[in-house]
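Shown next, in structure tokens, is the structure this report addresses.
The values are calculated or read from the model by the stated rules, or taken from the named source; none is laboratory data. The shown structure was predicted, so the numbers you read here are calculated from the model rather than taken from an experiment. FYI the Cβ positions are ideal-geometry reconstructions off the backbone, even for glycines, and counts take in every protein chain you see. Just the protein is used for accessible areas: all its heavy atoms, side chains included, with ligands, DNA and RNA removed. Shrake-Rupley method; radii C 1.70, N 1.55, O 1.52, S 1.80 Å.
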Amino acid sequence: CGSLGRGLALAAAAPPAPAWVPAGCRGAQGRFAYKLLHDLFANYSSALRPVEDTDRALNVTLQVTLSQIIDMDERNQVLTSYLWVRQAWLDAHLTWDKDAYDGIDSIRIPSSYVWRPDIVLYNNADDRFGGSMETNVVLRSDGHIMWDSPAITKSSCKVDVSYFPFDGQRCRLTFGSWTYNGNQIDLRNRLDAGDLTDFVENVEWEVLGMPATRNVITYGCCSEPYPDITYTLLLRRRASFYIFNLLLPCIMVSFLAPLSFYLPADSGEKVSLGVTVLLALTVFQLLVAESMPPSESVPLIGKYYIATMTMITASTALTIFIMNIHHCGPGARPVPPWARRLILHHMARLCCVYEVGESCKSPRRAPGRQVGRGDAGVLGESPGEGEVGAEAGVCPRDRCLCHHDGLLRNVSYIAGCFRRHRAAQRWTSEWKKVAKVMDRFFMWVFFIMVFLMSVLVLGKAA
């Protein structure tokens, strides 16, 4: 019993016999398994390539099963994945007659007992160079060996973030022998694509496929060909997270920028709103830049941020310019005729800017108002001054005080001050209206620009 138990412990024999098999037969199976293990490895060396003819290549088939995508580090361009790697080959020195060993057709032994091909991941990016797990191999009576081993790999992947967050990536996993050339090991892929039946869905990436191709490359160091199997992992990013956390807040903040033109100029918050929106977009831009690789390709959302920030900078500069127009003091010049005709007439009607008591549909007066009776004191002499002059013509010289030179100069000075004050008030009100019309005009222009930029980004992503 002790020897039989030791045999079962040293060699993982074929599956246990059914319950209806007598106990003596089950013990005999374990005894033959121990004898088989001893006979196979009595004169066996795992250091040499197991072929009868050393001039012939050994066929090795490879199959990769993708189990999980653990992480995609875009900044360092490293893909971490969990793979099941299956390798199969024929060992000419490990064959037996199963009838001579009580019908044992296969045994499971530690992989370190047999020769193994040195298949490695060429584009490995792990600093520890961790290989596959030391699992058992399945050895059949005809010498075929199958080795299934799980592995967590870190592979270098060229990340293209031009369309982030609506991007897709193509990550390659290249497997090949490190020391054996194509004349010694003929590496073949078992399937035309990686196995995705046991893939665990990733919350960020959607796997579109994993095609496999066989390549034969002659490197500069050696003249012999080296075959390899390249699995191309086709990934597409799930953009919902980035849409709700980066893109939509940016769009909503961008639509606040044109509203700075709608704020009254006397509120004192027009420039503050533009600067606040610019700082908010700068924070979002930094969040995107932290997760992207420092490359020359700017992501799509980064281009949108830059365009929006440029637009907000321009709107803030225009706001400062318009506020300067609004706050023209009494020393301002009159509005030029072309500006009065273009801004106060055409653009005011286009932007629906009207005075109190007017509407967009009501008839408007011409921008350059005609001087009527009520304006006689603005551009010409005041009515009182005309009457004084009229009376001066018929007033007797001995009883009229208007003929005193000092009094005439004072009255003329007061009338001139009054005329200048009325003209300055009219010019100031016209400049304020010019500023208001320009505010409304640029507000609609920037609203249209933000809308077109948002549609362009979403359309280009689609």
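Output the residues belonging to the stretch 166-190 that are touching a strand residue (DSSP E or B) at 6+ places or on another chain (Cβ under 6 Å), open to solvent by less than 80 Å² (accessible area, probe 1.4 Å) and in contact (Cβ under 8 Å) with a residue 60 or more places away in the chain.
Asp167, Gly168, Gln169, Cys171, Leu173, Phe175, Ser177, Gly182, Ile185, Asp186, Leu187, Asn189
Does Ala289 meet the test of being surrounded by fewer than 17 Cβ atoms within 10 Å (Cβ to Cβ), of a type in the set (Gly, Ala, Ser), at pLDDT below 85 and closer than 30 Å to Glu430 by Cα?
Numbers: surrounded by fewer than 17 Cβ atoms within 10 Å (Cβ to Cβ): yes; of a type in the set (Gly, Ala, Ser): yes; at pLDDT below 85: yes; closer than 30 Å to Glu430 by Cα: no.
No; evaluated as a whole, the condition is false for this residue.
Find the residue count for the stretch 63-116, including only residues that are on the phi > 0 side of the Ramachandran plot and not charged (D, E, K, R). Walk me through it before giving the result.
So in the stretch 63-116, the residues on the phi > 0 side of the Ramachandran plot come out as 77, 102-103.
Checking which are not charged (D, E, K, R) leaves us with 77, 103.
Adding up the residues that qualify gives 2.
Let's see how each residue does on (1) outside any helix (DSSP H, G or I); (2) under 60 Å from the mean Cα position of the chain (by Cα); (3) among the basic types (Lys, Arg); (4) modelled with pLDDT of 75 or more:
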| residue | (1), (2), (3), (4) |
| --- | --- |
| Arg399 | yes, no, yes, no |
| Val411 | no, no, no, no |
| Phe418 | no, no, no, no |
| Arg422 | no, yes, yes, no |
| Gln425 | no, yes, no, no |
| Val434 | no, yes, no, yes |
| Val437 | no, yes, no, yes |
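Which one is nearest to Asp91 (Cα to Cα) among residues in the stretch 127-165 that are open to solvent by less than 20 Å² (accessible area, probe 1.4 Å) and touching a Gly at 6+ places or on another chain (Cβ under 8 Å)?
The qualifying residue nearest to Asp91 (Cα to Cα) is Ala151.
Touching a Cys at 6+ places or on another chain (Cβ under 7 Å) and not assigned by the TED database to the domain that holds Cys171: which single residue out of Leu281, Leu247, Leu273 fits that description? It would help to see each step written out before you state the result.
Details: Leu247 fails: touching a Cys at 6+ places or on another chain (Cβ under 7 Å); Leu273 fails: touching a Cys at 6+ places or on another chain (Cβ under 7 Å).
Exactly one of Leu281, Leu247, Leu273 is touching a Cys at 6+ places or on another chain (Cβ under 7 Å) and not assigned by the TED database to the domain that holds Cys171, namely Leu281.
Given (1) small (Gly, Ala, Ser); (2) surrounded by fewer than 16 Cβ atoms within 10 Å (Cβ to Cβ); (3) modelled with pLDDT of 90 or more, where does Ser272 come up short, assuming only one miss?
Against the list (1) small (Gly, Ala, Ser); (2) surrounded by fewer than 16 Cβ atoms within 10 Å (Cβ to Cβ); (3) modelled with pLDDT of 90 or more, Ser272 comes up short only on (3).
Residues being free of Cβ contacts under 8 Å to residues at least 24 places away in the same chain and of a type in the set (A, V, I, L, M, F, W, C): count how many of those fall in the stretch 85-103.
Result for the stretch 85-103: 1.
Only one of (1) more than 20 Å from the chain's Cα centre (by Cα); (2) modelled with pLDDT under 85; (3) within 30 Å of Met311 (Cβ to Cβ); (4) not aromatic (Phe, Trp, Tyr) is not met by Val277, so which one is it?
It is condition (2) that Val277 fails.
I'm checking my understanding of the structure. Among residues of the stretch 193-249 that are aliphatic (A, V, I, L, M) and without any contact (Cβ under 8 Å) to a residue 40 or more places away in the chain, which one is least open to solvent (accessible area, probe 1.4 Å)? Explain how you work it out, then say what you get.
Quick first cut of the stretch 193-249, residues aliphatic (A, V, I, L, M) only: 193, 196, 200, 203, 207-208, 210, 212, 216-217, 229, 233-235, 239, 243, 246-248.
With without any contact (Cβ under 8 Å) to a residue 40 or more places away in the chain added as a condition, the list becomes 193, 203, 216-217, 248.
On the way: Ala193: 42, Val203: 134, Val216: 85, Ile217: 66, Leu248: 69 Å².
Out of the qualifying residues, it is Ala193.
Any residue at all in the stretch 296-314 that's charged (D, E, K, R) and within 28 Å of Tyr163 (Cα to Cα)?
yes
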